[in-house]
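Peer 1: Right, I'll just put the structure down here and ask away after.
The values are calculated or read from the model by the stated rules, or taken from the named source; none is laboratory data. Here the structure is a predicted model, which is why all the values come from computation and not from measurement. Glycine gets a Cβ as well: all are built from the backbone with ideal geometry, and neighbour counts include every protein chain shown. Accessible surface is based on the protein model in full, side chains and every heavy atom, while ligands, DNA and RNA are left aside. Shrake-Rupley method; radii C 1.70, N 1.55, O 1.52, S 1.80 Å.
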Amino acid sequence: MSTETISTDAGDARITWHPAAGKARLVLAVSHGAGGGIEARDLKALAQVLPDHGVTVALVEQPWRVAGKKVAPAPKTLDVGWRGVWPALTEPGLPVISGGRSAGARVACRTATELGARAVLALSFPLHPPGRPEKSRAQELLGAGVPTLVVQGGNDPFGKPEEFPDGSYELVEVPHGDHGFAVPKRADITQEQASDLITAAVVKWTTSLR
């Protein structure tokens, strides 16, 4: 694991690299949401598991997070930060999957075609604000323009799987999961099983991108 700081037009961003155990075939770059960092359970799980499957994982911290701010800036500023780190993500010379959780997933979708991403991984895509289904962000997802995998909690207040529109993307449900993929103790799936479901789905999907 190594960390590097990248200067962007939105401020300094940070990439934490988790290199593939053997010969890498892809880079999976994932950023955090508007209310948390790269310590999110799903991002940590991907960084632990994917390197054993030929995928180098790059956990990206947006400039606002690196600066110690508690509130994310406007979406267009997030896009500026993501564009700024992209050259470093492509430096290994491998196809790059653009990904993120929540707000980070929106960024990945909005910029995928422009940046030449191989695919998009959208974790907990915020289809709409909680309780406001009329404020749909579906067009961001549908407009990604590259192969896309959505991993969504079955009880995500930002959009349950059954609320998602038809499209060419794949969707994997984490039963009972909330926006952070936490599952209640009474659920018929444990937190560890939920994590395994997420990583197994992403491993299978990345293999299909060869």
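Peer 1: Can you give the longest run of the chain that contains no GluC sites (Glu not before Pro) sitting in a DSSP loop with at most 10 other Cβ atoms inside 10 Å?
Peer 2: In short, 40-133.
Peer 1: In nm, give the distance between the simple-model label positions of ARG41 and ASP188, each being 7 Å from the Cα along the Cα-to-Cβ direction.
Peer 2: 2.0
Peer 1: Cα gyration tensor of the range 20-130, axes a ≥ b ≥ c as square roots of the eigenvalues: rounded (a/c below 1.5), prolate (a/b > b/c) or oblate?
Peer 2: Prolate shape, in that a/c is at least 1.5 and a/b is the bigger ratio.
Peer 1: List every residue whose amide H lies under 5 Å from the amide H of VAL174, counting only residues 5 or more places away in sequence or on a different chain, with H placed 1.01 Å from N in the peptide plane.
Peer 2: GLN152, GLY153, GLY154
Peer 1: Now for a separate question. What are the ³J(HN,Hα) couplings of the range 150-165, residue after residue, when phi is run through the Karplus curve with 6.51, -1.76, 1.60 and θ = phi - 60°? Round to Hz, x for glycine and proline.
Peer 2: Here the 3J(HN,Hα) series is 9, 10, 10, x, x, 10, 6, x, 8, x, 7, x, 5, 7, 6, x Hz.
Peer 1: List the trypsin sites (Lys or Arg not before Pro) in the range 87-181 that DSSP assigns to loop (not H, G, I, E or B) and whose Cβ has at most 12 other Cβ atoms within 10 Å. Which are they?
Peer 2: LYS135
Peer 1: Please turn the phi angles of the range 79-85 into ³J(HN,Hα) values with the Karplus equation 6.51 cos²θ - 1.76 cosθ + 1.60 (θ = phi - 60°), one per residue in order, whole Hz, x for glycine and proline.
Peer 2: Karplus-based 3J(HN,Hα) across the range 79-85 equals 4, 4, x, 5, 4, x, 8 Hz.
Peer 1: Considering amide H positions built from the backbone, and no H for Pro or chain starts, which residues 5 or more places from SER31, or on another chain, come under 5 Å of its amide H?
Peer 2: Under 5 Å from the amide H of SER31: VAL60, GLY99, GLY100, ARG101.
Peer 1: To make sure I understand the rule: partners must be lysines, Cα under 25 Å from the Cα of LYS204, and not fewer than 8 residues away in the same chain. Which ones qualify?
Peer 2: LYS23, LYS44, LYS160
Peer 1: Let me ask something else about it. Under the Karplus relation 6.51 cos²θ - 1.76 cosθ + 1.60, θ = phi - 60°, what is the ordered set of whole-Hz ³J(HN,Hα) values for the range 42-52, x standing for Gly and Pro?
Peer 2: 6, 5, 5, 5, 5, 5, 7, 9, 4, x, 6
Peer 1: Could you work out what % of the accessible surface of the chain is carbon and sulfur, using a 1.4 angstrom probe and leaving DNA, RNA and ligands out of the count?
Peer 2: 51
Peer 1: For GLU4 and THR207, what is the calculated FRET efficiency with R₀ set at 22 Å and r taken between the beta-carbons, to the nearest 0.05?
Peer 2: That pair, GLU4 with THR207, gives E of 0.20.
Peer 1: Let me ask another. Nearest 500 deg cm²/dmol is fine: what mean residue ellipticity at 222 nm does the chain get from its DSSP H runs of n ≥ 4 alone, each adding -39,500 (n - 2.57), divided by its residue count?
Peer 2: -9500 deg cm²/dmol
Peer 1: Between ALA138 and GLU162, what length in nm is gained on full extension when 0.36 nm per residue of separation is reduced by their alpha carbon distance?
Peer 2: 7.3 nm is the gain from fully extending ALA138 to GLU162.
Peer 1: Taking +1 at the Cβ of each Lys and Arg and -1 at the Cβ of each Asp and Glu, which of HIS128, GLY93, GLY145 sits farthest along the dipole of the range 81-161 towards its positive end, judged by Cα position relative to the Cα centre?
Peer 2: Toward the positive end, the furthest listed residue is HIS128.
Peer 1: What share of the DSSP beta bridges in the chain is antiparallel, in percent to the nearest 5?
Peer 2: Here the share of antiparallel DSSP bridges comes out near 30 percent.
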